[in-house]
Amino acid sequence: MTPRETIAILDFGSQYSQLIARRVRENHVYSELLPPDVSPQRLRDMGVKGIIFSGGPASVYEEGAPRCDPGVLELSVPILGICYGMQLACQILGGDVSAGHSREYGRVRLHVDRPLGILSHVPEQISVWMSHGDVVTEVADCFESLATTDACPVAAVRHKSLPVWGVQFHPEVTHTPNGEQMIRNFVYGICGCAGEWRVENVIDAAVTDIRTQVNEQERVICGLSGGVDSSVTAALVHRAIGDRLVCIFVDNGLLRRREDEMVEVTFHDHFGMQLRVVDAQQRFLDQLAGVIDPQEKRRIIGHEFIAVFKQEAQQIEGAHYLAQGTIYPDVIESGHGPAGKAAVIKSHHNVGGLPEELGFELVEPLRQLFKDEVRLVGEALGLPENLVWRHPFPGPGLAVRIAGEITAERLELLRAADEILLEELTAAGWYRKIAQAFAVLVPVASVGVMGDGRSYEGQNLCVVRLVESRDFMTADWVRIDYNVLATISNRIINEVPGINRVAYDVSSKPPSTIEWQ
Ligand code: XMP
């Protein structure tokens, strides 16, 4: 992999660890989460420019609490300890940490005594975000306290001879308004980074890496789904190896309206990529006939997808590699991340399975990128805005948005309603503000007035689901303008014969999930 200026983040289990990594990257410096006990040698080999110790839920004086190798503090590489990370650094270097007299959670006033280093350009009195029970009660002589709060005698420190800094509060969260400045102070002022993590460099490095990995005689296959990650992957691989990339788009009949058209226009017409569109609609419908159980739908769709993809891939001569749109949070969440113990969150979704079965070598150019970085890369590569900013769409597609059996008629109804929903959200400027928006078809015989009579026949309920979410692990329903909802509802009922009632889903996750099935 192309070497790059890196800040390592030792992850002691904080809920904010990924956020720290993103904050550093927003400063144009690559950052990577690593296990807390990573060896000093590995950090040396990586040539890291700085190290951040994250916060964490443990207490440093507890048995079994995660610790770093003390040798890390002797690398002469600048270190910033945050919360637990600061307590650990102070403890290793001779300070005392114990349970505080009063815990601090939330916004707290910080008094800056010495605006140096990490606190450069920070006013004397600021508000910071705290979340801790333990405090450093006594710093060793080799440390100097830089700031205090009412409950915390040592809220920021620096070591007198080593490049070790610590803050008890969380500069990475937006609730610490001067946090951005502090991260900048660390990255540039203390670590002396040059700030090379920019979209053009990211693209150049990815292109170089792909060219190095992929043998000149061989070809790469990429399964396009119409989503952001696979699209950006295809665009990057295409830039690296041109016509040796062959994209496969499986139309399973469970897609949104005109999805196939958009993929053809973008990848074939605009980029001139080799694209194979497989019309497998009937095949999927046949397999799904009479199936009501959502997990069974998922299983069938996953299984059928592999079968269709395999069939198509086998016809491509010299194909040795499979390009996949795995992104950094997927890597962390699937347990390959730093602590190695992160929950396998996405296992119920259709990740995994495909590569091993097919025996391809993987090409994963987005493995180190966060979603917002993937979008920037997509924009820079010239992908259309509506593709780059689209909401996530589940692999099993509309099948998990129709309660009950999947039929061609129901799919058509849902597509029509879904299209109206997205059109109206976009027109009203809401689409980009929402994490995920979709319609759900609930085939219950809801009564309607047709002309002068009451009618139940062929009528369905359509539920509109709009959620805001940062990571899709938790979500809340969007407090959207009623007038926008009114237009959506009117249009769906008037323009989609077969839907006579629209409801708005006001459930949060948890306890509900985002999808209905
Ligand atoms: P839930 O419904 O679990 O959804 O709250 C969280 C996120 O995951 C997506 N999702 C899926 N994605 N295959 C996928 O590729 C699936 O089977 C699947 N089920 C849910 C969902 O759209 C949301 O973004």
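The values are calculated or read from the model by the stated rules, or taken from the named source; none is laboratory data. Keep in mind that what you see is a predicted model, and the values were worked out from it rather than measured. Reconstructed Cβ throughout: ideal geometry from the backbone, glycine too, with neighbour counts over all protein chains shown.
List of remarks:
- In region 1-49, the residues that are small (Gly, Ala, Ser), farther than 18 Å from Gln368 by Cα and modelled with pLDDT of 95 or more: Ser39
- The C-beta contact set for region 438-459 (first residue modelled with pLDDT under 70, second residue surrounded by 13 or more Cβ atoms within 10 Å (Cβ to Cβ) and assigned to a loop (DSSP other than H, G, I, E, B), distance under 7 angstrom, 6+ apart or interchain) comprises Tyr456/Ala445.
- Scoring Gly378 on the criteria (1) at pLDDT below 95; (2) closer than 22 Å to Ser231 by Cα; (3) assigned by TED's automatic domain parsing to the domain that holds Met262 leaves a single failure, condition (1).
- Screening region 50-75 for residues that are hydroxyl-bearing (Ser, Thr, Tyr) and modelled with pLDDT under 95 and picking the one that is farthest from Phe169 (Cα to Cα) gives Tyr61.
- Those residues of region 259-300 which are free of Cβ contacts under 8 Å to residues at least 12 places away in the same chain, more than 16 Å from the ligand (Cβ to nearest atom) and closer than 28 Å to Glu515 by Cα, in sequence order: Glu261, Asp286
- Region 188-211: number of residues that are surrounded by 14 or more Cβ atoms within 10 Å (Cβ to Cβ), farther than 30 Å from Pro163 by Cα and out of contact with any helix residue (DSSP H, G or I) (no Cβ under 9 Å at 6 or more places or on another chain): 1
- Going through (1) of a type outside the set (Asp, Glu); (2) touching a residue at least 60 places away in the same chain (Cβ under 8 Å); (3) in the same structural domain as Ile126 (by TED's automatic domain parsing) one by one, Gln91 falls short only on (2).
- Matching residues in region 231-269 - criterion: being more than 28 Å from Ala403 (Cβ to Cβ) and not hydrophobic (A, V, I, L, M, F, W, C): Ser231, Thr233, His238, Arg239, Gly242, Asp243, Arg244, Glu264, Thr266, His268, Asp269
- The single condition from (1) away from the ligand (no atom under 16 Å from the Cβ); (2) in contact (Cβ under 8 Å) with a residue 24 or more places away in the chain; (3) under 21 Å from Val331 (Cα atoms) that Gly359 fails is (2).
- Among (1) acidic (Asp, Glu); (2) away from the ligand (no atom under 16 Å from the Cβ); (3) touching a Ser or Thr at 6+ places or on another chain (Cβ under 6 Å), the one test that Asp476 misses: (2)
- Number of the condition not met by Arg465 [criteria: (1) surrounded by 15 or more Cβ atoms within 10 Å (Cβ to Cβ); (2) modelled with pLDDT under 95; (3) not hydroxyl-bearing (Ser, Thr, Tyr)]: (2)
- Some residue of region 483-495 being part of a loop (DSSP other than H, G, I, E, B) and surrounded by 15 or more Cβ atoms within 10 Å (Cβ to Cβ): no
Per-residue answers, yes or no, for (1) outside any loop (DSSP other than H, G, I, E, B); (2) under 34 Å from the mean Cα position of the chain (by Cα):
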residue	(1), (2)
Ala99	yes, no
Glu104	yes, yes
Arg107	yes, yes
Pro115	no, no
His121	no, yes
Val128	yes, yes
Ser131	yes, yes
Glu144	yes, no
Cys152	no, no
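- Odd one out for Arg470 among (1) of a type in the set (Lys, Arg); (2) within 16 Å of the ligand (Cβ to nearest atom); (3) in a helix (DSSP H, G or I): (3)
- Residue check, Arg415 of a type in the set (Lys, Arg) and within 14 Å of the ligand (Cβ to nearest atom): no
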